[in-house]
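Enquirer: The structure under discussion is supplied below as structure tokens; questions concerning it will follow.
The values are calculated or read from the model by the stated rules, or taken from the named source; none is laboratory data. Note that the coordinates shown come from a computational prediction; the quantities given were computed from them, not determined experimentally. Every residue, glycine among them, receives a Cβ derived from its backbone with ideal geometry; neighbour counts consider all protein chains shown.
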Amino acid sequence: MRIGTITRASALAVAVLLTASGCGISMGTGGGQGGGGEVSGAADGSITFQTWNLKTEYADFFEELIDEFEKENPGSQVRWVDQPAEGYADKLSADAAAESVPDVVNVAPDLVHPLARAGAVLELEEARPGAAEAYLPDAWESFAMPGMDGVYAYPWYLNTGPVFYNRELFEQAGLDPDDPPSTFDELFDQALRMAEETGGETAMLGQTPGIIDLGMYGSQLMNGEGTEFTFNDAPAVEMVQRYREMYEAGALVPEALTQDYTGTGEQFMSGALAWAPGSAYDLENFRTNAPGLYENVGITEVLTNTGKANMYLQGVAVSAATEEPATATAFAEFVTGAAQQEAFAREVQIFPSTAGSLEDPYFTEDDGTDEGRVRVAAAAQLESAASYNPVLFNDQMKNLLRDEIALAVKGDKSPRQALDDAVDRCNELLGEG
Amino acid sequence: MAGTLAPRRRTAARPARGPAARRRAPRMQAAPTPWLFLLPALAACLLFSLYPFANTVLLAFTDARTLEPGSFTGTDNFTRMAEDHRFWLALRNGALYVLGVVPPLVLLPLLLALLVRDRGPGIGLFRTLFYTPVIASAVVVGLIWTWVLDSRGLVNGTLQALGAITRPIPFLTDEWLLLASAMVVTVWKGLGYYMVIYLATLNRVPQELHEAAQVDGAGAVRRFLVVTLPAMRTTMILISVLSAVSAFRVFTEIFILSNDTAGPGGRDITLVMLIREVSSGLDGQVGYGAALSLVLFGLTLGLLLAVLRLQTGRRGSR
């Protein structure tokens, strides 16, 4: 009886396995659909437009934008969907695996690379020759993928610094709040002094350095060909060594080893930290959620040893499988066009990536408000900014680097060893890709 | 062939004319009914459990990525696993978690159940309070404990205010303390659930046995050891199996307490966290993740069988 049951169970398992193998492993597109020639024609189809966590705050703006596009292009219909911030990459991967990437989709450069490699998004230099002219050259080039020809998304909005600091905490530590650090060396020295003066009660920094920090400190993150990571050079080792000294002295909060940008921002808002990188958007957040801090917040420029601040960039890609390529590309160009980007920049503290937009007085003339000051300073910074985050540096690599740096800062490994290990492992992952 | 089959059918049909056949007949007619009842659940099981499982087995032998089907790579993923220090770290942490969590989850709920077994004023309130952590979201529980344990949290703040410590205790930033903190959260959250299971069993222990032991001069402790504990043995084994399996697959507690980093340097990573990390995202290594999942499945199954074998062995030796 028992043998019979086992036999039947085994037969069922084999049947299931055979069925599964018969069905095949349906994993994604696996083929390039990107090369489809120039896209032209009337924009009169129905498409889906997916954004990344924008509906809650900016529903009115996007509904008006869609209405305007539909009026300008009779017959066109745009269905807008918005995805939450958390798990956006997972949602996109599920869409791409099911070959159902929305016709027009909001992406960041590092999300575009796997989509482009799988042929899931349209190559734009072939599909829309001449489209590049409408955008800032650096922003357009940010969506050129290493090892592949062409550009795979339209640049959308940009963001950059500044850095916020808590003037009250600076004063308490005997530091001059009117003369905040302007170089990394000054920052690290003042962080050590703050820790010493306050007996480790107040920490200057809330996070260990990431790939962007290493880049701004002067590390050459990849080789010239973009085929290998090289962030184990002397500047990177020096930076991690300085963080190790600061951690030992209490100039970093204990959570710095495991904390991300969000956690640092929260600690800065709670008054536990004296220095936090942010964006123009954060100022409004301070005013609403931390009015006490807002009164004491100082604003200064992002520190960089290369002369170039980091630029965060969002883009809009067009699905290679769209049935309405003319409507999809027309809508993507409408959303990322100068008029709409400039209008969006007035809704929220972001900056347009379209050529000439940053020359608008709104971005060059200080209107006397804090927001105006931050906006003008950040816009000026953008003129020479660069995107330090290599598009090939994926989440798994980010985690590896964070872990290795944490071990070095904690003293479990030498900075040199930790960075060597991180580079070796990231290059292995790069090779496997 | 047909000529020989016909008499056989007749021969086989002959005994079916007896009373047994009459009893079977309605069953034969009703045979599709249970299958029809089963169909929705069976279909869901095939679609959402067996098919994904079979697909996982196949993927484990490929280098598939999220957006690329990959090709057959034999046992490469398993060889890579053997050389992956994070896999061994995850295995170590899983084993430590089982060792740290199972004994308190077997013993403490039993003591709680004994405390709230008897009806009395306010006992319902205590039962509810003990059960509350079970129904609370694991993420919410994790966040609450993060506020309790972080460097400026309730515990460190109180100890510093009392002058007991000068620098915060690194509950969430030390490899071992983070693991221990996560174990505390798991135990705290699981107490009520297992307490309810014990309560159900306790109510079935015959009162006569306690009375007989009392007549024989056994005190409360002795009665607990010779009457209650033996009656609870099967339930204790069940709870040890359930808690061991879930402890080995721990994710949420460490994930939340470590802010999605698996602790400083990733030293508190568990197998489920590792699977998530390598498999998720647009360029996730689905093949390697599937291989890790298979190993986790095998280890969990092994753990389950080992405990059940232990139970069978003890029964046999009685």
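Enquirer: Could you please let me know if B:V221 is surrounded by fewer than 18 Cβ atoms within 10 Å (Cβ to Cβ), away from chain A (no Cβ under 14 Å) and over 30 Å from B:V295 (Cα atoms)?
Expert: In short, yes.
Enquirer: Could you tell me whether A:E201 is under 24 Å from A:F164 (Cβ atoms), within 14 Å of another protein chain (Cβ to nearest Cβ) and in a loop (DSSP other than H, G, I, E, B)?
Expert: yes
Enquirer: Here is a further query. Any idea which residue in the stretch B:41-61 is surrounded by the most Cβ atoms within 10 Å (Cβ to Cβ), counting only those that are more than 7 Å from chain A (Cβ to nearest Cβ) and touching a Gly at 6+ places or on another chain (Cβ under 8 Å)?
Expert: B:A60
Enquirer: Quickly run through the stretch A:372-391 and pick out the residues that are in contact with a strand residue (DSSP E or B) (Cβ under 8 Å, 6 or more places away or on another chain) and of a type in the set (A, V, I, L, M).
Expert: Scanning the stretch A:372-391 gives A:V374, A:A377, A:A378, A:A379, A:L382, A:A385, A:A386.
Enquirer: If we keep just the residues of the stretch A:128-174 that are among the acidic types (D, E) and out of contact with any Asp or Glu (no Cβ under 8 Å at 6 or more places or on another chain), which is modelled with the lowest pLDDT?
Expert: The residue in question is A:D138.
Enquirer: Cβ-Cβ distance below 6 Å, separation of 6 or more or different chains: which pairs start in the stretch B:269-288 with a residue that is more than 7 Å from every other protein chain (Cβ to nearest Cβ) and end on one that is of a type in the set (D, E)?
Expert: So the pair list comes out as B:G287/B:D63.
Enquirer: Next question. Is it true that some residue in the stretch A:386-395 is surrounded by fewer than 23 Cβ atoms within 10 Å (Cβ to Cβ) and part of a helix (DSSP H, G or I)?
Expert: Checked against the condition, which is being surrounded by fewer than 23 Cβ atoms within 10 Å (Cβ to Cβ) and part of a helix (DSSP H, G or I), the stretch A:386-395 yields at least one hit.
Enquirer: Is it fair to say A:V409 is within 10 Å of chain B (Cβ to nearest Cβ), among the hydrophobic types (A, V, I, L, M, F, W, C) and in a helix (DSSP H, G or I)?
Expert: Against the criterion (within 10 Å of chain B (Cβ to nearest Cβ), among the hydrophobic types (A, V, I, L, M, F, W, C) and in a helix (DSSP H, G or I)), A:V409 qualifies.
Enquirer: Filter the stretch A:328-384 down to residues that are at pLDDT 90 or above, among the polar types (S, T, N, Q) and part of a helix (DSSP H, G or I), then give me how many there are.
Expert: 5
Enquirer: Failed condition for A:L214, given (1) within 14 Å of another protein chain (Cβ to nearest Cβ); (2) out of contact with any Ser or Thr (no Cβ under 8 Å at 6 or more places or on another chain); (3) not charged (D, E, K, R), with all others met?
Expert: Result: A:L214 passes all but (1).
Enquirer: Of the conditions (1) hydrophobic (A, V, I, L, M, F, W, C); (2) within 14 Å of chain B (Cβ to nearest Cβ); (3) part of a loop (DSSP other than H, G, I, E, B), A:A96 fails just one. Which one is it?
Expert: (3)
Enquirer: List the helices (runs of 4 or more DSSP H) that sit entirely inside the stretch A:220-299 and contain at least 3 residues that are farther than 21 Å from A:A408 by Cβ and either within 13 Å of another protein chain (Cβ to nearest Cβ) or at pLDDT below 95 (or both).
Expert: A:261-269, A:280-289, A:291-296
Enquirer: Name the helices (runs of 4 or more DSSP H) wholly inside the stretch B:210-263 in which the number of residues that are of a type in the set (A, V, I, L, M) is 3 or more.
Expert: Once the helices (runs of 4 or more DSSP H) in the stretch B:210-263 are filtered for at least 3 residues that are of a type in the set (A, V, I, L, M), what remains is B:229-248, B:252-257.
Enquirer: Further question on the same structure: If A:A116 satisfies every condition in (1) aliphatic (A, V, I, L, M); (2) in a loop (DSSP other than H, G, I, E, B); (3) over 30 Å from A:E245 (Cβ atoms) but one, which is the exception?
Expert: Here A:A116 clears every test but (2).
Enquirer: Continuing with the same structure: Restricting to the stretch B:120-174, name every residue that is without any contact (Cβ under 8 Å) to a residue 40 or more places away in the chain, in contact with a helix residue (DSSP H, G or I) (Cβ under 8 Å, 6 or more places away or on another chain) and hydrophobic (A, V, I, L, M, F, W, C).
Expert: B:I123, B:F126, B:W147, B:V148, B:L154, B:V155, B:I165, B:I169, B:F171
Enquirer: When the stretch A:86-106 is examined, which residues are found to be in contact (Cβ under 8 Å) with a residue 40 or more places away in the chain and within 15 Å of the chain's Cα centre (by Cα)?
Expert: A:A89, A:N106
Enquirer: Checking the conditions here, which among A:F170, A:F164 is in contact (Cβ under 8 Å) with a residue 40 or more places away in the chain, within 22 Å of the chain's Cα centre (by Cα) and closer than 13 Å to A:N296 by Cβ?
Expert: Exactly one residue qualifies, and that residue is A:F164.
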